[in-house]
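Structure first, then comments.
Values in this text are rule-based calculations from the coordinates and carry no lab data. Just so we're clear, the structure is a prediction, and the values are computed from it rather than from any experiment. Methodologically, a virtual Cβ is constructed for each residue, glycine included, from the backbone with ideal geometry; neighbour enumeration extends over all protein chains shown.
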Amino acid sequence: MRTTVRDPQNLLFGVFLILLGAGGVYFGARLDMGSALDMGPGYMPTILSGAILAMGVGFTLFSFVHAGAAISNVAWRGLVVVLSVVVLFGLSIKWLGLMVTIVISVMLSALATPNRSWMQTAIFAIVLAAACVLVFNVALNLPLPVWPR
């Protein structure tokens, strides 16, 4: 019996999720799990990684029964821009603060697509930055710097 992949996009995405989930379970296993009532530092990463792994298995199996589109060209511009912005965010939040880092990150992320409105992007960046400050600094009381040092 020969099995054929009918949806290569879902197959690749499923394999990616399986690898991501397996990596999370592997590294989360080194942390104390605790229990559902007394969660340790490894509880949520391991549970979420297991869910990601299960979704990967689902996508992979689905790719054999559901017909889908062939793999098209990779949008390298978007991939490089978004990954670069994530790295920039991680490197700059300590010095630039949450507000400035989020605004810069959102504005730079807009370079990933040719269809952008700079005015809409700027408004979204400011609203998102303010919402993040309210959630992380005010509601959750996390010690993230809001403004540049």
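Model label sites at L111 and M55, defined 7 Å from Cα along the beta-carbon direction, differ in position by 2.9 nm.
Between helix 43-65 and the chain, what is the angle of the helix's C-alpha long axis to the longest principal axis, kept within 0 to 90° and rounded to the nearest 10? Its long axis makes an angle of about 50 degrees. Cα gyration tensor of region 76-139, axes a ≥ b ≥ c as square roots of the eigenvalues: rounded (a/c below 1.5), prolate (a/b > b/c) or oblate? In terms of gyration-tensor shape, oblate. The angle between the Cα long axis of helix 76-109 and the main principal axis of the chain comes to about 40°, on a 0 to 90 degree scale.
Can you figure out the FRET efficiency of D32 with V127, using R₀ = 30 Å and their beta-carbon distance, to the nearest 0.05? According to the calculation, E is roughly 0.20.
Rounded to the nearest 10 degrees, the angle from helix 8-28 to the longest Cα principal axis of the chain is 70 degrees. Rounded to the nearest angstrom and listed largest first, the equivalent-ellipsoid semi-axes of region 8-65 from its Cα gyration tensor are 27, 10, 5.
Only one of the listed values, [x] 9.7; [y] 13.0; [z] 9.0, was derived from the coordinates as mean projected area of the Cα convex hull in nm²; which label is it? Derived directly from the coordinates: [y].
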